[in-house]
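All remarks here apply to the structure that follows.
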Amino acid sequence: MKPQRRISRELAYNGKIIDIYCDTIELENGNIAKFDYIGHKGAAAVVPVKDDGKILLVRQYRNALDRFTLEIPAGGKNGIEEEGIKCAARELEEETGYRSDNLVPLIAVNTTVAFCNELIEIFLARDLKESKQNLDEDEFVEVEEYSLDELIKMIKEGTITDSKTVSAILAYKEFYA
């Protein structure tokens, strides 16, 4: 299989979270095609497990879906150079009001490989200690606790559809539970 070759990449939009480009690509057969490409600085997320086994999730409104979602705590890196574990620790405390000195890598997921390079590094957090929630000015979340069985049922029923959350919960069940 012959790889495709990027001829050019033109910035179409420079945003707060993403940059959107138009790529001109030479295809395997020699034809030229245009592709949309979204550049993302990366993100981190965390599966916070309390001592009693309950898992903390956040409920928040997502404009793209025009509804509330239930997700593991997550957020964008402050730059591509920021370590995922530092971002995950920050987001855990900001969104849930808990912190942990016991974060270990769980899984990493590319969210939308067809047109975006976003990579979310997901960590498992144990030994949670109460701290203080410190939400961003435009962030409104409710923290909720669920058992692993409840979360698996919500995934099967289609109540939880967020890809990072589904991947993280299933990975946690497979590797740690």
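The values are calculated or read from the model by the stated rules, or taken from the named source; none is laboratory data. Computed from a predicted model, the values in this text were never measured in an experiment. Cβ: placed from backbone, ideal geometry, glycine included. Neighbour counts: every protein chain shown.
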Practice item. Being in a strand (DSSP E or B) and in contact with a His (Cβ under 9 Å, 6 or more places away or on another chain) is the filter here, so list the residues in region 102-122 that pass it. Key: Cys116, Leu119
Check your understanding: In region 56-81, what residues are closer than 19 Å to Ala125 by Cα and either surrounded by 18 or more Cβ atoms within 10 Å (Cβ to Cβ) or free of Cβ contacts under 8 Å to residues at least 24 places away in the same chain (or both)?
Key -> Leu56, Leu57, Val58, Leu70, Glu71, Ile72, Pro73, Ala74, Gly75, Gly76, Lys77
Point to revise | Subset of region 134-168 (residues that are of a type in the set (D, E, K, R), over 16 Å from Arg62 (Cβ atoms) and either in contact (Cβ under 8 Å) with a residue 24 or more places away in the chain or not assigned by TED's automatic domain parsing to the domain that holds Pro105 (or both)) | key: Glu145
Exercise for review: For region 129-145, state whether one or more residues are modelled with pLDDT under 95, under 13 Å from the mean Cα position of the chain (by Cα) and part of a loop (DSSP other than H, G, I, E, B).
Suggested key: no
**Study point:** Qualifying positions in region 96-114 - closer than 20 Å to His40 by Cα, under 16 Å from the mean Cα position of the chain (by Cα) and among the hydrophobic types (A, V, I, L, M, F, W, C)
**Key:** Ile107, Ala108, Val109, Val113
Check your understanding: Here are some conditions: (1) surrounded by fewer than 17 Cβ atoms within 10 Å (Cβ to Cβ); (2) of a type outside the set (Phe, Trp, Tyr); (3) over 17 Å from Glu142 (Cα atoms). Leu106 meets all but one. Which one does it not meet?
Key -> (1)
Exercise for review: Tally the residues that are under 30 Å from Glu95 (Cβ atoms), surrounded by fewer than 14 Cβ atoms within 10 Å (Cβ to Cβ) and among the β-branched types (Val, Ile, Thr), restricting the search to region 8-54.
Suggested key: 1
